[in-house]
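As structure tokens, the structure follows; a few thoughts come after it.
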Amino acid sequence: MKREKFSSRLGFILISAGCAIGLGNVWRFPYITGKYGGAAFILLYFLFLAILGFPIVVMEFSVGRASQKSIAKSYDVLEPKGSKWHLSKYMGMAGNYILMMFYTTVAGWMLLYFFKMIGNDFKGMNAEQVSAEFNNTLANPTLMIIFVVLIVVGCFCVCGLGLQKGVERITKVMMLCLLALMVILAIHSITLDGAKQGLEFYLKPNFDNLVKAGIGESVFAAMGQAFFTLSIGIGALAIFGSYIGKERRLTGEAISVTVLDTFVAVIAGLIIFPACFAYNIEPDAGPSLIFITLPNVFNHMSNGNIWGAMFFLFMTFAAVSTVIAVFQNIVSFAVDLTGCSTKKAIIVNCIVIIVLSLPCVFGFNLLSGIQPFGEGSTILDLEDFIISNNILPLGSLIYLLFCTTRYGWGYKNFLKEANEGVGLKFPKNKFVQIYVSYVLPIIVLLIFVEGYISKFA
């Protein structure tokens, strides 16, 4: 059966960017930017995004397009005869499932809070009551399961409509709405009384903060954010490479995806920091930022429920775009490996994902006694650690070695695929080859080790 293709370049770029754009862009990037010196940190981040994340994006796209398969079969198609690169597919496939084990829960929270904002549920609440509302949500497994099911079933239904009619058409509209919502929210935030201080905190370079935090720690924070923001290493981008033709070189496509991902992260900071400073509320990281701090901010605003609803709609779009992209990858696994119909792959995986999501849901209530990293930690933290600190860096390392060593696909084959078509070429000079073959793998290993040091030291 002939492989389905995207109907447009815009669809490919927006969907690939949608996969990369996720919740980390919103709750992690603004926080660490403020912590490590505002604009000074952003400059570091841009540098590492270009020299770390970007080459691996090109490699993932190349492997996908050359093989015309998902990660379940791409190594099998391209590897030298008798080699064992294909064994790494099991880690990549597992990564997609583990990511969805907790990401669907968080996406469900976003959708729930969108409805709460529309219903003006937080009207008249103080900070403690807003915090209690989130804790009550976590303590209610039935409510969370309902929203997980809504997310999972809804996103698989999109995949069921097909690549062009479902995934491409719906994700394209959703991503354009997401970008529009973000710009509107950012303009509103920066025009608030008292927003100037937040803008200075976020955008004015403060090298003292870099020094205070430690130059080494700041550099590693920038490297880590640049690396993890693009969702590289589990074949989530490679699958979309398999749906495009050879009309355009892949370097330009990777730049477009990287720029869009970065744009969302930067604009998220323009939404959050001016608003928090305008109302003297400390911008926290993680779930507390999204579900406690920001509802408090919206409570202070005129027509705050409308602005809050728009924010959580944007957050739902950001989360769902990633879920749809990963689900499309998961469906492709099943079809590539078993030859089953797309319909059967969707029905089976829909049930599997719902069941696999339950430990994360129960980790906040029925299974709250399971605290894998000590007091206050949850099953979600464990699942996130497995993905972020293990499978993503190791999977990226495998893509790097596969595309650069003579024992894998090889650098010549990678270059030929990446540079086929029109557009910007991946550099052919010897320095770049040495860098991606030897220096970049070492950096990825260092990020992997640093992840363990920062977690357990």
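No lab work stands behind these numbers, since they all come straight from the coordinates. Predicted model, so just to flag it, every value in this text is computed and none were measured. Cβ: placed from backbone, ideal geometry, glycine included. Neighbour counts: every protein chain shown.
Assorted remarks:
- Screening the chain for whole DSSP H helices with an alpha carbon extent of at least 15 angstrom along the helix axis and a mean Kyte-Doolittle hydropathy of at least 0.5 yields 9-20, 54-67, 89-118, 141-160, 169-190, 215-228, 250-278, 304-338, 342-362, 392-404, 440-456.
- Mean Cα-pair separation over length for region 242-327, i.e. relative contact order, pairs under 8 Å, 6 or more apart, %: 14
- Straight-line reach from Lys343: taking Cα to Cα under 19 Å and skipping same-chain neighbours fewer than 8 places apart, the aspartates and glutamates in range are Glu4, Glu168.
- Only one residue of Pro80, Leu199, Phe263 has its Cα farthest out toward the positive end of the dipole of the chain, where Lys and Arg carry +1 and Asp and Glu -1 on Cβ, and that residue is Pro80.
- Highest-first arrangement of 37-46, 79-88, where packing means the average Cβ count within 10 Å: 37-46, 79-88
- The order of Val348, Val297, Val26, going from fewest to most other C-beta atoms within 10 Å of their C-beta, is Val348, Val297, Val26.
- For the peptides 237-244, 350-357, the ranking by packing is 237-244, 350-357, with the highest mean count of neighbouring Cβ atoms within 10 Å listed first.
- Counting only residues at least eight positions apart within a chain, or on another chain, the aspartates and glutamates with an alpha carbon under 18 Å from that of Lys35 are Glu200, Asp208, Glu217, Glu282, Asp284.
- Cβ crowding within 10 Å averaged over residues, with 184-194, 267-277, 426-436 ranked highest first: 267-277, 184-194, 426-436
- By the count of neighbouring beta-carbon atoms within 10 Å, fewest first, Phe115, Phe385, Phe54 end up ordered Phe115, Phe385, Phe54.
- Efficiency of FRET from Cβ geometry, Ile442 and Glu247, R₀ 41 Å, rounded to 0.05: 0.70
- When the pairs Lys69/Lys165; Lys165/Lys344; Lys428/Lys455; Lys69/Lys344; Lys5/Lys81 are compared against a 30 Å limit on Cα-Cα distance, Lys428/Lys455 fall above it.
- Here is how the number arises for the chain: DSSP H runs of 4 or more residues each give -39500 (n - 2.57), the sum is divided by the residue count, and the result at 222 nm is -22500 deg cm²/dmol.
- Order of Asp208, Asp381, Asp76 - criterion: other Cβ atoms within 10 Å of each residue's Cβ, fewest first: Asp208, Asp76, Asp381
- Percentage relative contact order, the chain, counting C-alpha pairs under 8 Å, at least six apart: 34
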